[in-house]
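One structure below.
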Amino acid sequence: MLARMDDWFDELAELLRIPSVSADSGHAQDVTRAGEWVRDFILGAGGGAELVDWHGQPLVIGEIAASTQAQHAPTVLCYGHFDVQPPDPLALWESAPFEPEIRGDRIYGRGVADDKGQLYMMLAGARALARSGTLPVNVRFACDGEEETGGHSIVEFLEADERGADAAVIFDSGMIAEDRPAFSIATRGLVYFHLELSSGRVDLHSGVYGGAALNAAHALIRTLDSVIARDGRLAEPLREGIEPPTPQELADWAALPGGAAELADQGARPADRQATEAFYVRTFAEPALDVNGIASGSPQLEKTVLPVHASANVSVRLAPGQDPDAIADAFERLLAAATPDGAELTVTRKSSARPGIVPPDARALKLGQDAFERVLGVRPALIRTGGTLPIVAALADRRIPAIITGFSLADSKIHAPNENLLARYIPLGTEAAAALFTSLGELR
């Protein structure tokens, strides 16, 4: 069994202290520095690695060779990202976001769960086996610095890389509950839009023109209402291509923690009466549309204005089987049909990613479940995830089965202030990664 590390905190803290916020161009050099840290780690583990400028985006491409007969050993492709979400709002952090700290049984800091801490587990697990001369697979790392703003560079790299792999490992998700691991066999896709609506030249006095002039805020709200779900179900054009879950999947999801508890734990309220009972179907297997932000007029100051400009950001999470282009076209058609006369609507598609599916009978998945069960004492459940990982569809195109797993919990506050991870999961995840690489050696 892999020995637990005593010095993991100081090492991981070096990476967590780098404010590699990819959404902020002012931190571009920090994103590069984080990539250099990952590159240097692989080099220090005895592997080869380089930081590649992929059309303006940093990629770390490296490999730690199998301890013996590397030319005949299976290749395991590991993906993780070294960029992080912005830390705002800073006032809600109980400790500095880029100064990791252990409080109680948790380690706090931006990126500790998403995804630097989990990437570290894979790196450290491969290094431990390499140093002991027991690494049975070639561990190839392909890591990006823009997952939080699209994740397209890694997809483009994989499309151009002809080497392939026998399996892929991605530590960038979470557990069902504490000490209840899971492997995700499907991810949702994403299409993201920015909307601009204009109803005139300049804002107007609402007393003089109210009730007669078209209000841009009203017009945008009416337009958006045409695409918002009713009782959790989107309009049929936005449901095209859905691959429904199997009866076995539905039975497995019924054994997961109840939807009411999942929402309550996050301080969230059900969207409608059926939301708690249908929680997993909606978040795993259905498309979902959300207005991520809306702006018009004067939402803070008391100002009697009739706005003539309004804007919004809207995202559509795609269910497995759906095509981003088809759904984007349907979205724009629905909006165009609902836009009030006199309003001018512009829709800009900002980004998209396809949903991904992993064959549930892939041998790599079974070997991975065996490895996790040996270390954690619990066999990972096969579930879907509502999140989006663009790399999963790219791996499926290459027929590379992916083990998508992780150690974050529902209260790890990913993308929010006070992001955290159970501290014991860092060495445990490292041990699980090492066991996973060992088990995947049987793919030879």
**Report entry** Boolean, GLY125 is more than 30 Å from ILE294 (Cα to Cα), touching a helix residue (DSSP H, G or I) at 6+ places or on another chain (Cβ under 8 Å) and surrounded by 22 or more Cβ atoms within 10 Å (Cβ to Cβ)
**Finding:** yes
Report summary line: Out of (1) more than 26 Å from the chain's Cα centre (by Cα); (2) at pLDDT 95 or above, the one ASP323 does not meet is (1)
**Report entry** Test: residue in the range 360-377 that is at pLDDT 95 or above, among the aromatic types (Phe, Trp, Tyr) and not assigned by TED's automatic domain parsing to the domain that holds VAL227
**Finding:** yes
Report task. Would you be able to tell me the number of residues in the range 136-177 that are at pLDDT 95 or above, among the charged types (D, E, K, R) and more than 16 Å from ALA396 (Cα to Cα)? Result -> 2
Query raised in the report: Exactly one of (1) modelled with pLDDT of 95 or more; (2) surrounded by 17 or more Cβ atoms within 10 Å (Cβ to Cβ) is unmet by ARG354. Its number?
Result: (1)
Query raised in the report: Which of the residues belonging to the range 284-307 are crowded, with 18+ Cβ neighbours inside 10 Å and closer than 30 Å to TRP253 by Cβ?
Result: PHE284, ALA285, GLU286, PRO287, ALA288, LEU289
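A quick yes/no check of all residues on (1) under 24 Å from the mean Cα position of the chain (by Cα); (2) over 30 Å from THR405 (Cβ atoms); (3) not in a loop (DSSP other than H, G, I, E, B):
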| site | (1), (2), (3) |
| --- | --- |
| ALA186 | yes, no, yes |
| LEU197 | no, yes, yes |
| VAL202 | no, yes, no |
| GLY207 | no, yes, yes |
| HIS218 | no, yes, yes |
| ARG222 | no, yes, yes |
| ILE228 | yes, yes, no |
| PRO237 | no, yes, yes |
Query raised in the report: Can you spot a residue in the range 422-443 that is assigned to a strand (DSSP E or B) and either within 30 Å of ALA254 (Cβ to Cβ) or in contact with a strand residue (DSSP E or B) (Cβ under 7 Å, 6 or more places away or on another chain) (or both)?
Result: yes
Query raised in the report: Quick one: which of ALA410, ALA393, ALA433 is assigned by TED's automatic domain parsing to the domain that holds ALA364 and closer than 19 Å to ARG163 by Cβ?
Result: ALA393
Report task. Mind listing whichever residues of the range 298-320 are out of contact with any strand residue (DSSP E or B) (no Cβ under 7 Å at 6 or more places or on another chain) and basic (Lys, Arg)? Result -> LYS303
**Report entry** PHE372 being over 18 Å from the mean Cα position of the chain (by Cα), buried (at least 19 other Cβ atoms within 10 Å of the Cβ), touching a residue at least 12 places away in the same chain (Cβ under 8 Å) and closer than 28 Å to GLU146 by Cβ
**Finding:** no
Report task. Sort out which residues of the range 396-408 are modelled with pLDDT of 95 or more and not hydroxyl-bearing (Ser, Thr, Tyr), and write them in order of number. Result -> ILE400, PRO401, ALA402, ILE403, ILE404, GLY406, PHE407
Query raised in the report: What number goes with the only condition from (1) part of a loop (DSSP other than H, G, I, E, B); (2) β-branched (Val, Ile, Thr); (3) within 16 Å of ILE170 (Cα to Cα) that ILE391 does not pass?
Result: (1)
Query raised in the report: assigned to a loop (DSSP other than H, G, I, E, B) and buried (at least 23 other Cβ atoms within 10 Å of the Cβ), is that true of ALA23?
Result: no
Report summary line: Reported set for the range 133-156 where residues are more than 17 Å from VAL76 (Cβ to Cβ) and in a helix (DSSP H, G or I) is GLU147, GLU148, THR149, HIS152, SER153, VAL155, GLU156
Query raised in the report: Regarding VAL76, is this residue surrounded by fewer than 20 Cβ atoms within 10 Å (Cβ to Cβ), part of a strand (DSSP E or B) and either touching a residue at least 24 places away in the same chain (Cβ under 8 Å) or touching a helix residue (DSSP H, G or I) at 6+ places or on another chain (Cβ under 9 Å) (or both)?
Result: no
Report task. Collect the residues in the range 377-406 that are more than 18 Å from the chain's Cα centre (by Cα), aliphatic (A, V, I, L, M) and farther than 16 Å from LEU256 by Cα, keeping them in residue-number order. Result -> ILE400
**Report entry** the range 218-238 residues that are in contact (Cβ under 8 Å) with a residue 12 or more places away in the chain and over 12 Å from ALA310 (Cα atoms), paired with ones that are among the charged types (D, E, K, R) and crowded, with 17+ Cβ neighbours inside 10 Å (beta carbon under 7 Å, 6 or more apart)
**Finding:** GLY232/ARG282
Query - Residues located in the range 182-229, provided they are out of contact with any helix residue (DSSP H, G or I) (no Cβ under 6 Å at 6 or more places or on another chain) and among the polar types (S, T, N, Q) - result: SER184, SER198, SER206, ASN215
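The values are calculated or read from the model by the stated rules, or taken from the named source; none is laboratory data. Quick caveat: nothing in here was measured; it's all calculated off a predicted structure. Positions of Cβ are backbone-derived with ideal geometry, glycine not excepted, and every protein chain shown enters the neighbour counts.
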